[in-house]
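Just below is one structure, and these are the notes that go with it.
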Amino acid sequence: MGWRTVFEWASRMDRVGIALTRLGLIVVLVWIGGLKVARYEADGIVPFVANSPLMSFFYADPEGYQAHKNPEGKLVPENRAWHEANGTYPFALGLGAVIVAYGLLLCLHPWLPQAAALGSFLVFIMSFVTLSFLITTPECWVPDLGDTTHGFPYLSGAGRLVLKDAIMMGAALVTLADSARYYLQRQTAAPQIRPQVAHAA
């Protein structure tokens, strides 16, 4: 088997790639969205929401989050009480429900490709908003704690997590185009039913 054969085989993998892309988006959206019911996950998104001009109004005290950060897996009762009063958990539940809904829309591709196309478009918009956190959230960059590597371009763990949405944005466009194409193909293949006009004898 020569290199040409390998590349010919690879050139036919686009359909498999699109299917895996859609499946990957569904898994990520449903899983991550579902985790928003967990308190640690809700706590973790607070810096992004509190610093976002588009979302901070959902919190009662967005400026006070710095003093109430909870390390993952650690229960600090006073911090938990602050998050309860801040509205951290109801917002996370709502956001999680929206993210899961986007994932479920993508699942409808075989039956309602137009709904799946809408879901892909909404994921694209969501990814765009998420990427804006790189501008609005200080925690996306390594802080100046004495080392020489801090600030731009040194992404923190939070920043690396956000940057990955660039991949989700591209994947959403791929699945959007695929669902739109499938919808148009079905419309073209559907029989054209024309009303019968009765003519008087």
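When all C-alpha to C-alpha distances in the stretch 13-79 are sorted into bins of 5 Å, what percent of pairs does each bin hold, rounded to whole numbers?
For the stretch 13-79, the pair-distance distribution reads 3, 14, 18, 18, 15, 10, 8, 7, 4, 2, 0.
Note down, for the chain, the three equivalent ellipsoid semi-axes (square root of 5 times each alpha carbon gyration tensor eigenvalue), biggest first, whole angstrom.
42, 25, 14
List, in order, the whole-Hz ³J(HN,Hα) value for each residue of the stretch 34-43 obtained from phi through the Karplus relation with A = 6.51, B = -1.76, C = 1.60 and θ = phi - 60°; use x for Gly and Pro.
x, 5, 5, 6, 7, 5, 5, 5, 4, 4
In deg cm²/dmol, rounded to 500, what helix-only [θ] at 222 nm does the chain give when every DSSP H run of at least 4 residues adds -39500 (n - 2.57) and the total is split over its residues?
Roughly -20000 deg cm²/dmol at 222 nm, from the helical runs in the chain.
Express the relative contact order of the chain as a whole percentage, based on alpha carbon pairs under 8 Å and six or more residues apart in sequence.
This gives 22 percent for the chain.
Among His83, His150, what is the fewest-to-most ranking by other Cβ atoms within 10 Å?
Starting with the residue having the fewest Cβ neighbours, the order is His150, His83.
Determine, for Ile125, Ile45, the number of other Cβ atoms within 10 Å of each Cβ, and report the residues in order from fewest to most.
Ile125, Ile45
Values quoted throughout were computed directly from the atomic coordinates according to the rules given, and no laboratory measurement underlies them. A quick note: this is a predicted structure, and the numbers were derived from the prediction, not measured. Every residue, glycine among them, receives a Cβ derived from its backbone with ideal geometry; neighbour counts consider all protein chains shown.
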